[in-house]
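Accompanying notes for the structure given below.
We did not get these values from a lab; they are worked out from the coordinates using the rules stated. Computed from a predicted structure; not experimentally measured. Methodologically, a virtual Cβ is constructed for each residue, glycine included, from the backbone with ideal geometry; neighbour enumeration extends over all protein chains shown.
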Amino acid sequence: MTAITKEQIINCLKDVYDPEIGINVVDLGLIYEIEMKKGAILVKMVLTSPSCPLPEVVISRVKKAIIELDGVDFVTVQIEINQRWSPDMMTQEGRRMLDNIQ
């Protein structure tokens, strides 16, 4: 079994885009924490809004991206309802992408 790294997980999540905003979940700053234990991955994340109309879509896409990595057997995505998203959580690349959209 290949040991998976957080960097590999983050890199694969850069291909998972928020369906409403069109920016990936990493650069939007939605990924709050990643825990790894022997092939089991727990991703704690926030949504851009508590009333996000498509949470299942985002969760499904995150799970699908990670489970395809070698060495991953199980993925859990936990939405952190007590953690609020703000534009300050975006990476510089995310801000640049948002500027290009507007």
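Summary table below
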quantity: Restricting segment 21-84 to trypsin sites (Lys or Arg not before Pro) in coil, as DSSP defines it, with at most 12 other Cβ within 10 Å; calculated: Lys38, Arg84
quantity: Net charge contributed by nearby residues that have their C-beta within less than 13 Å of Lys44 (K/R +1, D/E -1); calculated: -2
quantity: Fewest-first ranking of Met45, Met97, using other Cβ atoms within 10 Å as the exposure measure; calculated: Met97, Met45
quantity: At R0 = 25 Å, FRET efficiency that the Cβ-Cβ distance of Asp73 and Tyr32 yields, to 0.05; calculated: 0.65
quantity: Spin-label model distance (nm) - Leu54 vs Arg95, 7 Å beyond Cα toward Cβ; calculated: 2.6
quantity: Which labelled figure in (i) 15, 50, 29, 6, 0; (ii) 17, 54, 27, 2; (iii) 14, 33, 26, 18, 9, 1 is P(r) over Cα pairs in 10 Å bins from 0, in percent, once derived from the coordinates; calculated: (i)
quantity: Rounded FRET efficiency, nearest 0.05, which uses the C-beta distance separating Asn82 from Ile21 and R0 of 22 Å; calculated: 0.50
quantity: Sorted by Cβ density within 10 Å, fewest first, the residues Leu69, Leu30, Leu13; calculated: Leu69, Leu13, Leu30
quantity: Segment 6-95: relative contact order as a whole-number percent, Cα under 8 Å and 6+ apart; calculated: 35
